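A short reminder: the numbers here are calculations on the coordinates, not readings from a lab. From a predicted model like this one, the values you see are computed outputs, not experimental measurements. Cβ atoms come from the backbone with ideal geometry, glycine included; neighbour counts cover every protein chain shown.
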Amino acid sequence: MLGMLDESQVTGTYDDATALAVLAFSEKGGLGSQDEINEKVWAALVDATFCLGDRTLYLRMPYFHGNDVLQLQQALGALGFATGALDGIFGAYTELALRKFQLNLGLPSDGIAGAMTYAAIHNLQHSWVGKEASPAAGYLGFARAADVLERNALCLFGTREFTRSVASRMSNLALATNPASKILSADTLLVAPDESMLLVHIVLPDEQTAESVPRVAYEDDETLALRLTSAIDAASMHPARIAVELPGTVWEEAGAGRSAQHFAITLLDALCTALSQR
């Protein structure tokens, strides 16, 4: 069991040797002197079984956590991309470090640890295995880290399954970055949106919107935030409303989930940048 039981002691029976191994694991993990499996110990055991590359990791709420996240943090840190505390939790600092790493290697900078990212980290293992992480750096220059998340109330919504998924993922990303975020999806709102909220309707090319609603064509480039700023300034309805038209439901031949996550990340960054400049 994670190196705490000899192969000869693996009998399929919860015996004294197993109890001692659980006790050692609990004490090592700061769980107290536990020789029985409770919910907390079981969760820690599951976390400890994950290895780098076992699953796709990205910023979400609740956060991903486990040994694979810790290994990712250690690798990124040793490669010069500080993730903050080495705590095995995939939070905003870890995502920022991952995005910088991806950008540095010419990979899609989407903050998603998937097959291409794991392959790149594996190919660089001679540069990070057994080495210490670089000192933690400040959390700088990241639009979603700004207090714009709690200063601006936005209701994100879509009327198709895919666009609702993008809206929900944007809300989860905002909350994962700042639990006080007021940028929420319609699905997470507990009350109806009021006049102070900006309504952001995420649409697909074949969906119609009112002529009076500013409509921004999504393009993942530096002009997106500027075009969003203009649209927000031009919104005249009460409550204010804009529409963002996605190019479709597929990003670079990725599956629906990864495509929705990519659109969510880039659109949230652009929205926050736009709002911070107003």
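Close amide H partners of PHE50, meaning residues 5 or more places away or on another chain with modelled amide H under 5 Å apart, are ASN67, ASP68. Note on segment 190-259: Cα-only Rg and Dmax are 13.6, 39 Å.
Rounded to the nearest 0.05, what FRET efficiency do HIS122 and ALA153 give with R0 = 35 Å and r taken as the Cβ-Cβ distance? Could you check? Walk me through the intermediate numbers first.
Working: r = 43 Å, r/R0 = 1.23.
In this case the efficiency is close to 0.25.
By the Stokes-Einstein formula, at 0.890 mPa s and 25 °C, segment 218-278 with its Kirkwood radius over alpha-carbon pairs has D equal to 197 µm²/s. Each residue of segment 58-74 was assigned a 3J(HN,Hα) from its phi angle through the Karplus curve 6.51 cos²θ - 1.76 cosθ + 1.60 (θ = phi - 60°); the sequence is 7, 6, 7, 10, x, 5, 5, 8, x, 5, 5, 5, 4, 5, 5, 4, 5 Hz, with glycine and proline shown as x. As a ratio to 2.2 N^0.38 Å, the alpha-carbon radius of gyration for segment 65-108 is 1.03. Amide H contacts for ARG241 (H built 1.01 Å from N in the peptide plane; partners 5 or more residues away or on another chain; cut-off under 5 Å): LEU199, SER236.
For segment 175-192, 3J(HN,Hα) computed residue by residue from phi via the Karplus equation (6.51, -1.76, 1.60; θ = phi - 60°) reads 5, 5, 6, 8, x, 8, 4, 9, 8, 10, 7, 4, 5, 9, 5, 8, 10, 5 Hz, glycine and proline entered as x.
Each residue, SER230 and LEU86, gets one label point 7 Å from its Cα in the Cβ direction; the gap between the two is 4.8 nm.
Pulled fully out, how much extra length does the chain show between ASP194 and VAL250, if you take 0.36 nm times their separation in residues and subtract their Cα-Cα distance?
16.9 nm
For segment 172-251, the list of GluC sites (Glu not before Pro) that fall in a loop by DSSP and count at most 13 other C-beta atoms within 10 angstrom reads GLU195, GLU211, GLU219, GLU222. Close amide-amide hydrogen proximity is noted between THR209 and no other residue 5 or more places distant or on a separate chain, at a cut-off under 5 Å (H modeled in the peptide plane; Pro and chain starts excluded).
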